[in-house]
Structure formats: structure tokens, C-alpha cells
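I have placed the structure first, in the form of C-alpha cells, so that the comments after it can refer back to it.
What follows is calculated from the coordinates using simple rules that are stated; it is not laboratory data. In this text, all values refer to a predicted model and were calculated from it rather than measured experimentally. Note that each Cβ is placed from the backbone with ideal geometry, even for glycine, and that neighbours are counted across all protein chains shown.
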């Protein structure tokens, strides 16, 4: 075995060099460090891999930039962010179609943050469809509601959508409309689909009372869901807030 | 034609989508009107019951405890 001691290794010509040949292995022995200086980079071409063996650790103390990345192999129950939509103009709603609602996931989580309706006293709800928004099957829904800073409480049944909140104020006050929902069994063709969730809003009436909602919905279709829209039931949504869709890994 | 966000992009609605969303809103209005009417009736009934109990001599705290 021969040994070469050098302080710097550079290509004989040009700026590219190849280390070893196909099938060869370069071993970094225990205690040795492969260091990338500031401004340096390790590029892995398409089809290449960096493998971390069982028992080994990828120790990251800096930033992981996953822009444009596809994440696979997550364990069952993990949440995968599919798409986040930030409103910048008035709109009739926020929809996700069969591009995102697929058989890849059976359960979806949707987070609604900072919505307001254009029309005062509107309700903001989630509507599901099995045919990319051509039709919307019956939603059998009800909710409990509770005033947070007054004495009101009650329930509403026989609603026609999964409402995040009722009677929403259209002006910014103590609260905007926030909420979340879990949509379950979207691909199970033997049963209806279930939606559960919570929401809150500043009430339209006094502009001072804040209400929280706990909603339950059965979406009356045996077909697989492939579309949802989050919308006000009277007029547009105002141009701010964010809706984010997540899939739960099977 | 309206605007809506589809898969993150602000997009024109189609006439067919406009129609189906309008139908949803119309159905929702019927449900909401019924809910408001029921809540108003419930509030009126509650006030009527309160007034009758109060006339019998119950205090507000006693009425609150049994309603």
C-alpha cells in the first residue's frame, strides 16, 4: 500500500476532478473530519444519495432549507404540509382540488388563520366535494358554541356545511376567524366522511363578544373526497389570512 | 365571474362554480334564518319564563340556578 502526503490537491487541468472510480469507497477514519469552509458546498446530483446508516446521526445545528423538496418515508401519523395559501385580495374562497387531495392520504388537517368575511354576520365554513367541485354532497353538521367574554352558549344542528364559526364580524377587533379541522376517511368508500374541528370569531352583533365553536360534521357521500373549499356563506373573504392543508401519513 | 384561490393561485371562477357556490349560499341562508329564528324564539321564551318565575318571588340567582 502506498501513501501520498500532500497539503493541497487540485485538478491537473481545468476546475473539475474525479475522486476514485465506480465501485470504490473512500473512508474517512474515526476522528477525521471532512470540513466544508464558509462558501463551500456539497452538491448531490439527481439520482445521487447521502445515506445515513442505522445508528448514525445527521447532526444539524444550522438551517435545513427544504424549499422545493419532496419529503418521503415519514412514519405513520406524521403531518405533511401540502400547501399554504395566503390571501392577498378578496376572494370567493380557498380551494384545494385533486392535485392535493388524493389517495396518498386518508386524513387531512386544515388550519385557517386570520380570515374575515367581507359581509358582516356571515358564517365561514368548509365544504367537501367528490367531483372536483362540480357538486357538493350533503353535509350533516352541528356545533356547540360558547361566549368567551359573556354568558352566551348553545348549539346548532342540521347545518349545511362544516362551519368554523358563525355570525362572524367583518371588522378587525379582538379576534379574527381562526380554526382548524380534521377531515377523516376521505378515501373510504364504505362510509361517510367525518370532520371535526374548533374555531373562534368576534361576534358580529356587539363587535365585543368573542365566541368559540366546536363543530362536528358527517359528509354524506360514499365516494372519495377530492376537493374542498373554505368560504363565507355570504359574499367574499377579505384579502388576508392563511389556509394551510396537511396530510396525515398513512 | 369572481375570484377564488385554487391550489394557492388566485383564479377566475367558472360559471358552473359560480352557480354551485350560489346554491350553497342560498341553502345556507335558509339554515341560518331558521337558526336565528329559533334562537330569537328561545331567547323570548327564556325571558318570558324568567318574568313568570320572578313574579312568583324567585330571585335572579334562584332563577339562574334552575334554568
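Some points to look at:
- Förster radius 35 Å - calculated FRET efficiency between residue A:113 and residue A:190 (Cβ-Cβ, nearest 0.05): 0.55
- From helices alone, the protein assembly as shown scores -5500 deg cm²/dmol at 222 nm; the rule is -39500 (n - 2.57) for each run of n ≥ 4 DSSP H residues, then divide by the residue total.
- Separation of the range B:22-67 and the range A:207-250, taken as the distance between their Cα centroids, equals 28 angstrom.
- The distance between label points at residue A:206 and residue A:84 comes to 3.5 nm (points 7 Å beyond Cα on the Cα→Cβ vector).
- Alpha-carbon centroid distance for the pair the range A:183-199 / the range A:92-138, whole angstrom: 13
- GNM result for chain A, Cα springs below 10 Å: residue of A:18, A:190, A:86 fluctuating most strongly: A:18
- GNM top mover of A:82, A:128, A:34 - chain A, alpha-carbon springs below 10 Å: A:34
- Scattering from the range A:199-250 was approximated by placing one identical point on each alpha carbon and applying the Debye formula without solvent; log10 I(q)/I(0) at 0.23, 0.26, 0.29 1/Å stands at -1.31, -1.36, -1.33.
- Taking every residue in B:26-39 and counting other chain Cβ atoms within 10 Å of its Cβ, the average works out to 5.
- Counting only alpha carbon atoms, the long axis of helix B:15-55 and the longest principal axis of chain B meet at about 10°.
- Residue B:22/residue A:138 FRET efficiency (R0 25 Å; Cβ-Cβ; nearest 0.05): 0.90
- Protection-proxy order for peptides A:180-186, A:10-16, A:225-231, each taking the mean of Cβ atoms within 10 Å per residue, highest first: A:225-231, A:180-186, A:10-16
- The smallest convex shape that holds all Cα atoms of the range A:132-212, its convex hull, gives 112 Å³ per residue.
- Normalised contact order of chain A, rounded percent, pairs of Cα under 8 Å and 6 or more residues apart: 29
- Pairs of alpha carbons in chain A separated by more than 27 Å make up 52% of all such pairs.
- 17 Å tail of the calculated P(r), the range A:29-121, as % of Cα pairs: 73
- If R0 equals 22 Å, the separation of the Cβ atoms of residue A:18 and residue A:65 corresponds to a calculated FRET efficiency of about 0.20.
- For the peptides A:167-175, A:1-9, B:35-43, the ranking by mean Cβ contacts within 10 Å, running from highest to lowest, is A:167-175, B:35-43, A:1-9.
- Here the range A:164-250 is treated as a sphere whose radius is the Kirkwood value from Cα pairs; by Stokes-Einstein at 37 °C and 0.692 mPa s it diffuses with a coefficient of 224 µm²/s.
- Here the spin labels are modelled as points 7 Å beyond Cα on the Cα-Cβ line, and at residue B:39 and residue B:54 they lie 2.3 nm apart.
- Over chain B, the hull volume per residue, using the convex hull of the C-alpha atoms, is 129 Å³.
- Selected from A:22, A:234, A:103 as most flexible by GNM, with chain A as the system and alpha-carbon contacts under 10 Å: A:22
- Highest-first arrangement of A:117-125, A:69-77, where packing means the average Cβ count within 10 Å: A:117-125, A:69-77
- Translational diffusion of the range A:1-82, µm² s⁻¹ [Kirkwood Rh, Cα pairs; Stokes-Einstein; 20 °C; 1.002 mPa s]: 122
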